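All remarks here apply to the structure that follows.
What follows is calculated from the coordinates using simple rules that are stated; it is not laboratory data. Keep in mind the model is a prediction, meaning the values are calculated, not measured. Here the Cβ is made from the backbone with ideal geometry for all residues, glycine too, and neighbour counts use every protein chain on show.
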Amino acid sequence: MILSQVKNPSVAVEAHGLVKKFGDNLAVNGVDLSIPRGSIYGVLGPNGAGKTTAISMLSTLLKPDAGTARIFGHEVLKEAQIVRRLIGLTGQYASVDEMLSAGENLFIFGRLLGLSRNDARAKSAELLEEFGLSQAAKRQVKKFSGGMRRRLDLAASLIARPPLIFLDEPTTGLDPRTRNQMWQTIRRLVAEGSTVLLTTQYLDEADQLADRIAVIDHGKVIAEGTPGELKASVGIASPELRLMNKNNDLEARQILKRVLNVDAHISNQGMIIAPMSDPELITDLLLALRNANIRLEEVSVKTPTLDEVFLALTGHETEPDAELEEEVGMEMKN
Amino acid sequence: MEKSIEMRLSNKTSFSQTVNNSLTMAYRGLLKVRHTPEQLLDVTAQPILFTLMFTYLFGGAIAGNVHNYLPVIIPGILAQSIITGSVAIGVQLREDMDKGVFDRFKSLPIARIAPLAGALLADTIRYAIVTILTFAMGYLMGYRPGAGIAGVMEVGVLVIAFAWCTSWIFAFAGVVGRTAASVQGISMMVVFPLTFLSNAFVSVNTLPSVLKWFATFNPVSHLITAIRELVNKDVIGQDFWLTILGAGVILSIFAPLTIRAYIRKV
Ligand SMILES: Nc1ncnc2c1ncn2[C@@H]1O[C@H](COP(=O)(O)OP(=O)(O)O)[C@@H](O)[C@H]1O
Ligand SMILES: [Mg+2]
């Protein structure tokens, strides 16, 4: 295995004070990361937070203006060619050749990675099979759907079975079913021993996949930890209640305060909402309401959205996301 | 299977790897041509149309009749079409470098120069098409080169070598240009004087003095004379060597400029 030759096999990514400026726009403003081998690390942030720029520096595409980054102990600037042997990059925008067929793409990348003609052909067939693209092997990539393109893109990153894989927003714009498939693939990669760094705009996705999450905003890491730690810091779930009788509102809120030990507020739609750190408490809450004879018209438990996490962490909301909507729109046209 | 991937971790790229990577990138260029043969429209249409057009347009006026004009005009059109054919590289490179796939190339442990070298290499097919079509058109119109098929082959090698050198000018435009359209514009500003202000259609002695000076100095004029001597009389004369010199000068200026600008971008 290639990892036996690296300087530091236990830490996949180690970055200190990474900075990248575009003009006077600080796209990445002092990012530190430490990612242990064999884990899934999620970088969570809204559009324009600096996720792609950070990945580009870690994958040798961009030179940092300041700071250092090491991949398995090898410096991205001084040992770029070694780092490139250790990583696979699936960019945010299809990093495959639209003009060529799926099979030709994988063949070319295989040849570039040093495979013989026969091996490159075999590897290409194997990956197409693995990613359910065998039927489309001869079709030009520009005729692919968004989901197929992403799968091919990921397949292309796995030709040399690199120990570290970067996935830049691997599921943005995918329908729920394709997203689930992508999640399964990512989990399988890690089960097979790879380390994955993925970026996402969805808290839900980071929560489902990542062992640790860094939340970034305006080029800075504003929170870091396990999904549990992060969610606990903003409340793991919020019960939303609508009462049969509005006159009970005040009493209900007092009960919430007593049971959950937080202040509830009333949403625009007239629901009573309170963040809660322990889901077990929902039983106590409902019992307390029953005992007080307060009847419920509607009850649900909501997990916090990225926007709420953001609001809690930064005090400002995520900016409107034009690009994301545009991408989803494109997906639907395909 | 896994074993065959070179597993030794080294930060250097060997010469043989550079050659292999460049050949693979050239193969990619050929695959693209296979998917979109329209890319070859310029190198097929120009030799055919120009040969027909200019021969019948100027033949009577300049050489008395079409038959006598062919040994003069065919080398002229060949040189002109070869240079026009080498322009496409710039736009191709610009478009390629703007695409997502280029990010992947940059993240692979390959020779940095391979995408550029591969694109230049793949264009050989375009130059071969130009050469074959121009002489085939000439043949159909009654041209029988004095040096025979051997002379034609030698000329083929000469013009392809020349195009490899001039294509660096356009590759440079492609690497530094901002958009494909601006690259196209700059390239055309280079191509027209180079190809038309030459001895392609008329003797330079008929030109006014400034134009005459430029046309005499223009390496394309030397290329055309060299082709004429080689293919009509089987002679390698002074112009042959001046052509090699001119091409060498272009190469030694533009190759380093292009590579420097290119490496800075990748
Ligand atoms: N090549 C570039 N030139 C200029 N500005 C850029 C470039 N790439 C990104 N930016 C800017 O840097 C910031 C971070 O962008 P990016 O890393 O793409 O964010 P994300 O991937 O999180 O959406 C944004 O303000 C973006 O406009
Ligand atoms: Mg991005």
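Within region A:34-53, the set of residues being buried (at least 22 other Cβ atoms within 10 Å of the Cβ) and more than 7 Å from ligand 1 (Cβ to nearest atom) comprises A:ILE35, A:ILE40, A:TYR41, A:GLY42, A:VAL43, A:LEU44. Scanning region A:203-262 for residues that are within 15 Å of A:PRO279 (Cα to Cα) and among the small types (Gly, Ala, Ser) gives A:GLY228, A:ALA232, A:SER233, A:GLY235, A:ALA237, A:SER238. Tell me, please, whether a residue that is outside any loop (DSSP other than H, G, I, E, B) and within 14 Å of chain B (Cβ to nearest Cβ) can be found in region A:4-17. Yes, region A:4-17 has at least one match.
Checking each residue of region B:136-147 against the condition of being assigned to a helix (DSSP H, G or I) and over 26 Å from B:LEU230 (Cβ atoms) gives no match.
Listed here are the residues, each with its yes/no results for (1) in a loop (DSSP other than H, G, I, E, B); (2) within 25 Å of A:ALA206 (Cβ to Cβ); (3) not basic (Lys, Arg).
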position	(1), (2), (3)
A:LYS138	yes, no, no
A:LYS142	no, no, no
A:MET148	no, yes, yes
A:LEU154	no, yes, yes
A:PRO162	yes, yes, yes
A:LEU167	no, yes, yes
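Inspect all residues belonging to region B:19-34 and state whether any of them is assigned to a helix (DSSP H, G or I), hydroxyl-bearing (Ser, Thr, Tyr) and at the interface with chain A (Cβ under 8 Å from one of its Cβ atoms). Scanning region B:19-34, I find at least one residue that is assigned to a helix (DSSP H, G or I), hydroxyl-bearing (Ser, Thr, Tyr) and at the interface with chain A (Cβ under 8 Å from one of its Cβ atoms), so the answer is yes. Restricting B:ALA163, B:ALA111, B:ALA119 to residues that are in a loop (DSSP other than H, G, I, E, B) and not polar (S, T, N, Q) narrows the list to B:ALA111.
On inspection, A:LEU61 fails the criterion of being within 16 Å of ligand 1 (Cβ to nearest atom), farther than 20 Å from B:PRO109 by Cα and of a type outside the set (Gly, Ala, Ser).
In region A:37-63, the residues that are within 14 Å of another protein chain (Cβ to nearest Cβ) form Cβ pairs under 6 Å with partners that are assigned to a loop (DSSP other than H, G, I, E, B) and near ligand 2 (Cβ under 10 Å from one of its atoms), at six or more places apart or across chains, as follows: A:THR52/A:GLN92.
Does at least one position in region A:4-12 carry a residue that is free of Cβ contacts under 8 Å to residues at least 24 places away in the same chain and more than 23 Å from A:PRO170 (Cβ to Cβ)? Taking every residue of region A:4-12 in turn, at least one turns out to be free of Cβ contacts under 8 Å to residues at least 24 places away in the same chain and more than 23 Å from A:PRO170 (Cβ to Cβ). Taking region B:170-202 as the range and being of a type in the set (A, V, I, L, M, F, W, C) and part of a loop (DSSP other than H, G, I, E, B) as the test, the residues that pass are B:LEU197, B:ALA200, B:PHE201, B:VAL202.
In the set B:VAL66, B:VAL130, B:VAL72, only one residue is more than 30 Å from A:VAL76 (Cα to Cα), away from every other protein chain (no Cβ under 14 Å) and crowded, with 24+ Cβ neighbours inside 10 Å; that residue is B:VAL130.
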